[in-house]
Amino acid sequence: MTTEESSEERIETSRLVAAPAADVFAVLCDPQGHVAIDSSGMLQGATGEPVAAAGDTFTVHMDRESLNDFPEMGRYDVTVTIRDLEPDRLISWTVLGRVRPQIGHVYGYRLEPDPDGSDGTLVTSFYDWSDIHPDWRAMGIFPVLTENALRATLGILDRTVRRGYVRG
């Protein structure tokens, strides 16, 4: 089961994951989990502990060459700052990097019980760039990721959770 929504500045896509919300959420709160499920190839590693509240942060080691849009950026670090965190229901974050002004895009996941009543979890991945800084909007490079990339990450998340995710 998948659903898609998009506006000019937001992409959403969903997938039913055959696992309890708590198992899915554990991966999404773990910095290493973000690396494990990334479909873009940009996330190379992470440093930090699993997040538990809005305002928590961790570092992600990036490699922009995988997208081949700004390969000159090479390898760099960003700070993921949690905006919203409702256990087993919602997690969202912004990415703070070395670029100035900061971009202001938001990524996240909503988790809901399977509407058909199974033990699975309907997971919706979203990417929102509606509040990006005007300097970045003027560049016309958003969205950075596509709906297909979000969908692929959901597939990797499903596989990772079903196999019994173990922190790297």
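The values are calculated or read from the model by the stated rules, or taken from the named source; none is laboratory data. Worth saying up front: this structure is predicted, and the values here are computed from it rather than measured. Positions of Cβ are generated from backbone atoms using ideal geometry, with glycine treated the same way; all protein chains shown enter the neighbour counts. Heads up: the accessible areas ignore ligands, DNA and RNA and are worked out on the full protein's heavy atoms, side chains in. Shrake-Rupley method; radii C 1.70, N 1.55, O 1.52, S 1.80 Å.
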Relative contact order for region 59-168: what is it in percent, counting Cα pairs under 8 Å that are at least 6 residues apart? 14
On the formula 1/(1 + (r/R0)^6), with r taken between the Cβ atoms of R137 and D56 and R0 of 41 Å, the FRET efficiency rounded to 0.05 is 0.90
Using only the Cα atoms, what convex hull volume per residue in Å³ does the chain have? 106
E72 label point, 7 Å along Cα→Cβ, cut-off 18 Å on backbone N: hits in region 98-140? 98-101, 136, 139-140
Round to a whole number: what % of the accessible area of the chain belongs to carbon and sulfur, probe 1.4 Å? 49
Extension gain from Q102 to R89, taking 0.36 nm per residue of separation minus the Cα-Cα distance: 1.9 nm
The answer for region 26-73, accessible area per residue at 1.4 Å probe in Å², is 43
For P50, the net charge from surrounding residues (Cβ-Cβ under 9 Å; K, R +1; D, E -1) works out to -2
Could you let me know the centre-to-centre spacing of region 6-51 and region 115-168, using Cα atoms, in angstrom? 6
Counting only C-alpha contacts under 8 Å and six or more residues apart, can you give the relative contact order of region 58-104 as a whole percent? 28
What net charge do the residues around M62 carry, taking every other residue with its C-beta under 13 Å from that of M62, with Lys and Arg at +1 and Asp and Glu at -1? -2
Given backbone amide H placed at 1.01 Å from N, residues whose amide H is under 5 Å from that of R83, ignoring those fewer than 5 places away on the same chain, are G55, S92, W93, T94
Using θ = phi - 60° and Karplus 6.51 cos²θ - 1.76 cosθ + 1.60, couplings along region 52-64 (whole Hz; Gly, Pro as x): 9, 7, 4, x, 5, 9, 7, 9, 10, 8, 10, 9, 6
So who's got an amide H within less than 5 Å of the one on H105, skipping anything under 5 residues away but keeping other chains? H placed 1.01 Å off N, in plane. V95
Along each of its three principal axes, how wide is the spread of alpha-carbon positions in region 103-168, in whole angstrom units, largest first? 44, 30, 19
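Would you compute, from DSSP H runs of 4+ residues alone, the mean residue ellipticity of the chain at 222 nm, taking -39500 (n - 2.57) per run and dividing by the full residue count, rounded to the nearest 500?
It comes out at -6500 deg cm²/dmol, rounded to the nearest 500.
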Note down the magnitude of the dipole of the chain about its Cα centre, charges +1 on Lys and Arg C-beta and -1 on Asp and Glu C-beta and zero elsewhere, to the nearest 20 debye. 420
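What does the highest-first list of 110-119, 21-30 look like by mean Cβ count within 10 Å?
21-30, 110-119
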Using each residue's phi in region 87-94, evaluate 6.51 cos²θ - 1.76 cosθ + 1.60 at θ = phi - 60° and report the 3J(HN,Hα) Karplus result to the nearest Hz, with x for Gly and Pro. x, 6, 9, 7, 9, 9, 7, 10
Have a look at the DSSP beta bridges in the chain and tell me what percent are antiparallel, nearest 5. 100
